[in-house]
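The values are calculated or read from the model by the stated rules, or taken from the named source; none is laboratory data. Owing to the predicted nature of the structure, the values given are computational and were not obtained by experimental measurement. With ideal geometry, Cβ positions are generated from the backbone for all residues, glycine too; neighbour counts draw on all protein chains shown. In case anyone asks, the SASA skips ligands and DNA or RNA and just uses the protein heavy atoms, side chains included. Shrake-Rupley method; radii C 1.70, N 1.55, O 1.52, S 1.80 Å.
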Amino acid sequence: MNPVGKPGKTGSLMAVEVALARLLEMAEASPIIERERLPLAQVEGRVLADDLVSTLDLPPWPNSAMDGYALRVADWTGEPLMVSQKIFAGKAPDPLEPGTCARIFTGAPVPAGADCVEMQENAEVQADERVCFIEPMVPGQNIRPQGQETTVGELILPAGTRLGPIEQGLAASLGCAELEVIRKVRVAVLSTGDELLEPGQALGPGQIYNSNRVLLCSWLRRLGCEVIDAGILADDLATTRICLGELKDVDLILSTGGVSVGEADFLGIALREEGELTLWKLAIKPGKPLTFGHFRGVPVIGLPGNPASTLVTFALLARPYLMRRLGVKEVEPLKFQVPAGFAWPKAGNRREYLRGRLENGRAIIYRNQSSGVLRSAAWADGLVEVLEDRTLVEGDWVSFIPLSEVLG
């Protein structure tokens, strides 16, 4: 089999790539453009609003890559050299006296007139404190040149970069105490259904605890979103209208379950009456039904209600939509090829995302792949992608998406 394979036929179902492309197009049509200036220590997870351009050379001057001795190679004829100065990091050196060397430490500026640093392990200090060098040396040796990392005017981080510890450190190295970032995207999260109860309440007949909203609220906060917890919508049209009408200052309404064409799907009814509603049937498993629409101008994404379906569709579709609204360019998660540690004898007409993990370099999958089993994702450390119309034997190549790629 081919290592990667090709997407198969999906019939009347919408391919995952098509659904994602449509969502990203809609995201680009309504970008979040408001910004705020924050201290560097507070920008972790936020999106850079402006290009970060270097205002200085890094390093600002040639400096030593190690502890040793700075000298001019042409001055060394094989005879020991006198030490004319000591240069510590943070101190400005004097020009090097001809025919001498300078004791120098890592990160210290190389004195004018020196073109080489020899490591102290290749030097012998004699009784008269002159230094004898053991190995041949060449100009530029062990010297970090000025501007090795950045030069004035160079683009360092483009606008749309999500800022993490490394980016914060890079900005700090350029002397940035504050950065302009896009404001947080505001997301209202709600669940639908009289069968749902909050954890801690006593379950009645036919009732279950609501896990999806807790999952999504926590996930959204980790992504740097401002979350409005809109609770559980009762199966009542008037109540649904009131709840939606109160969600005025949000950028997205994110719901789970209950958006369809059934007579009890009051969220769908409200959207059709006071906005628009498009129901897509995706060639994806778990998570076939997905809704996109608007309520009084506010975008709405309706995710399927089963927990594993919620997880997969949020990770692969809703999360990229949110990131693109913030201006992030690269929104799709990294995936890489690994051998399958399982067989998949029956091909399906939908692309499947199996909860799995890597063991001994191979992808293995949880024993129960039901869309209602969230425990499978807690056990897993990634999603194993099985393309449409494809069977597998152990050792065939499959794509693996680490959960770490989508959770943060």
Problem set entry | Conditions (1) under 23 Å from Pro60 (Cα atoms); (2) under 49 Å from the mean Cα position of the chain (by Cα); (3) open to solvent by 40 Å² or more (accessible area, probe 1.4 Å); number of the one not met by Glu97 | (2)
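Residues are listed down the side, and each one gets a yes or a no for (1) over 36 Å from the mean Cα position of the chain (by Cα); (2) outside the structural domain of Leu290 (by the TED database); (3) surrounded by 12 or more Cβ atoms within 10 Å (Cβ to Cβ):
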position	(1), (2), (3)
Ala21	no, no, no
Leu24	no, no, yes
Leu71	yes, yes, yes
Lys86	yes, yes, yes
Problem set entry | One residue from Arg130, Arg103, Arg144, Arg162 being closer than 24 Å to Val227 by Cα, at pLDDT 95 or above, surrounded by 14 or more Cβ atoms within 10 Å (Cβ to Cβ) and not aromatic (Phe, Trp, Tyr) | Arg162
Exercise. Out of region 56-69, which residues are more than 22 Å from Thr150 (Cβ to Cβ) and either in a loop (DSSP other than H, G, I, E, B) or open to solvent by 20 Å² or more (accessible area, probe 1.4 Å) (or both)?
Worked result: Asp67
Problem set entry | Of the criteria (1) crowded, with 17+ Cβ neighbours inside 10 Å; (2) of a type outside the set (A, V, I, L, M); (3) in a loop (DSSP other than H, G, I, E, B), which one Ser191 fails | (3)
For this session: Only one of these is among the small types (Gly, Ala, Ser) and either over 28 Å from Met323 (Cα atoms) or in contact with a His (Cβ under 8 Å, 6 or more places away or on another chain) (or both): Ser30, Ser54, Ser64. Name it.
Result: Ser64
Exercise. Out of curiosity, is Ile242 without any contact (Cβ under 8 Å) to a residue 60 or more places away in the chain, open to solvent by 30 Å² or more (accessible area, probe 1.4 Å) and in contact with a strand residue (DSSP E or B) (Cβ under 9 Å, 6 or more places away or on another chain)?
Worked result: no
Problem set entry | The lone exception for Gln207 - which of (1) closer than 21 Å to Ser371 by Cβ; (2) of a type outside the set (Ser, Thr, Tyr); (3) open to solvent by less than 30 Å² (accessible area, probe 1.4 Å) it fails | (3)
Exercise. Applying the selection to region 311-334, what residues are open to solvent by 50 Å² or more (accessible area, probe 1.4 Å) and either within 17 Å of Val16 (Cα to Cα) or free of Cβ contacts under 8 Å to residues at least 60 places away in the same chain (or both)?
Worked result: Glu330, Glu332, Leu334
Problem set entry | Per-region count, region 396-407, residues open to solvent by 30 Å² or more (accessible area, probe 1.4 Å) and out of contact with any Leu (no Cβ under 7 Å at 6 or more places or on another chain) | 3
For this session: Consider only pairs whose beta carbons are under 7 Å apart and that are at least six residues apart or on different chains; among these, list those whose first residue lies in region 277-299 and is closer than 12 Å to Arg22 by Cβ and whose second residue is among the basic types (Lys, Arg) and part of a loop (DSSP other than H, G, I, E, B).
Result: Leu282/Lys288
Exercise. Scanning region 335-372 for residues that are open to solvent by less than 30 Å² (accessible area, probe 1.4 Å) and either assigned to a loop (DSSP other than H, G, I, E, B) or of a type in the set (Phe, Trp, Tyr) (or both), which turns out modelled with the lowest pLDDT?
Worked result: Gly348
Exercise. What are the residues in region 284-300 that are buried (at least 21 other Cβ atoms within 10 Å of the Cβ), of a type in the set (Val, Ile, Thr) and closer than 12 Å to Val250 by Cβ, if any?
Worked result: Val300
